[in-house]
Amino acid sequence: MLESKNFKKINKEIYTSINDVIKKGQFILGKEVRYFEEKLASCLGSKYAIGVNTGTDALFYSLKALNIGIGDEVITTPFSFSSTSDAIVMTGAKPVFVDIEPKTFNIDILKIESAITQKTKAIIPVYLYGQSANLSLILKIAKKHNLKIIEDVAQALGSKYKNSFLGTFGNFGCLSFFPTKNLGAFGDGGAILTNSSTSANYLRLMRIHGAKKMYYDYKFIGGSSRLHTLQAAVLQVKLRYLDWFIEQRRKIADIYYNNLQFSTFIKLPYQNPDSFHSFNYFTIRVKKKRDSLYKFLKKNNISVSIIYPKPIHLFSSYKFLGYHKGIFPEAEKAAKQVLSLPTDPYVVTERTGKKITNLIKFFLKKNELE
Ligand SMILES: *Cc1c(COP(=O)(O)O)cnc(C)c1O
């Protein structure tokens, strides 16, 4: 089952890798960054990977690379981390939301076309909890309307659609190495995947103020967004075990599937046959008393989370877009029902996985919800 002795081995390799960086002292864009970028790109089947500061920056700079800004519209889902639409707004463009399909929690492809206008430049599908959206159809729509695709792969690194890794289908694939993600750093980190050498060169300059030669020659105005050498040192080790980490996540998911399948009050995650789910989260729908179940599990020291309790269009920060309550019924319903069980192999062992399912069963029985 879950092999805890592996963690000791991995941690030891990480400490050695960190120590090497400290000894050399090249903390900004040290050679570990380039090494990790190359390994990451080849491991996922992309030509280039560019390390940046966060997943949010990966999205922002991808939009910039497509020259998206004031006057443009970008289609995305309201049921995501606010990062996805924040990146759009920060370029000056306008996010246009499309409701989700209830089964996968991802953007509803049947509703995308009616949201397209003359101003639409791109679509950002988000692969929530680790499962792909229906990419064949999204690619078809994008081609028909001449739109770009930026994939938000923050929760789905290592997941596949029809045998190819997510992040390699669109113009850009945006990754996050936030500690809770499938490939977690010891802090913040992100990367952009692309097959375009022009874009890769642009992004490598963009993350260092557009400087061709620092302090002498600046090609354009850019930001300061590099993947830290220390994080790259951690990530290059963890990347070697990515398959193993995901296998562990899927084993934890199996514990939940096997032990929770009999309740009618709980809906287990649907798995699209075309996609390989990495289970960044195991998100169930709880039809009644979701908040009490959440509190009950928290009280028992289980690291459950509600991802997300509110769709983005209902945030006060997004009032200016003029959306009202009820406009995206599926996203709003999901926000009331979802509960994400932990799948982090550093946190969940076989024993804790079973404990979680037993606690849920106990709760259902106590509340006569079986
Ligand atoms: C984590 C996450 C991001 C980016 O997060 P950062 O913290 O900026 O690395 C973007 N989108 C989604 C869906 C995420 O879960």
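Here, each number is a calculation from the coordinates, and none is a lab measurement. Note that the structure is a prediction, hence the values are computed from the model and not measured. Note that we place each Cβ from the backbone using ideal geometry, even for glycine, and neighbour counts take in every protein chain shown.
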Given the Cα-Cα distance of residue 198 and residue 301 and 0.36 nm per residue of separation, how much length would full extension add, in nm?
-> 32.2 nm
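Length gain on complete extension for the stretch residue 358 to residue 319, per 0.36 nm per residue less the alpha carbon to alpha carbon distance?
On the way: separation 39, 0.36 × 39 = 14.04 nm, distance 4.14 nm.
Between residue 358 and residue 319, full extension yields an extra 9.9 nm.
Once fully extended, how much extra length lies between residue 146 and residue 103, figured as 0.36 nm per residue of separation less the alpha-carbon to alpha-carbon distance? Mind showing how you got there, number by number?
Values: separation 43, 0.36 × 43 = 15.48 nm, distance 2.79 nm.
In short, 12.7 nm is gained.
Output the antiparallel fraction of DSSP beta bridges having both residues in the chain, as a percent to the nearest 5. Intermediate results must be reported in sequence, preceding the final value.
On the way: 24 of 38 bridges.
So the antiparallel bridges in the chain amount to around 65 percent.
In µm²/s, what is D for the chain at 20 °C and 1.002 mPa s, where D = kT/(6 pi eta Rh) by Stokes-Einstein and Rh is the Kirkwood radius from Cα pairs? Each step should come with its number before you reach the end.
Working: Rh = 21.4 Å.
It diffuses with D of about 100 µm²/s by this estimate.
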With a sphere of radius 15 Å drawn around the Cβ of residue 146, what net charge do the other residues whose Cβ falls strictly inside it have (Lys, Arg +1; Asp, Glu -1)?
-> +3
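Quick one: what do you get for the range 243-366 if you divide its Cα Rg by 2.2 N^0.38 Å?
Values: Rg = 15.7 Å, N = 124, 2.2 N^0.38 = 13.7 Å.
In units of the 2.2 N^0.38 Å rule of thumb, it is 1.15.
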Does a label point 7 Å from the Cα of residue 90, set along Cα-to-beta-carbon, have any residues of the range 100-139 with amide nitrogen under 18 Å, and which are they?
-> 124-126
What order, most packed first, do the peptides 164-171, 53-60, 17-24, 183-190 have when packing is the mean number of other Cβ atoms within 10 Å of each residue?
-> 53-60, 164-171, 183-190, 17-24
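At R0 = 45 Å, how high is the FRET efficiency between residue 16 and residue 216 if r is their beta carbon distance? Nearest 0.05 is fine.
0.75
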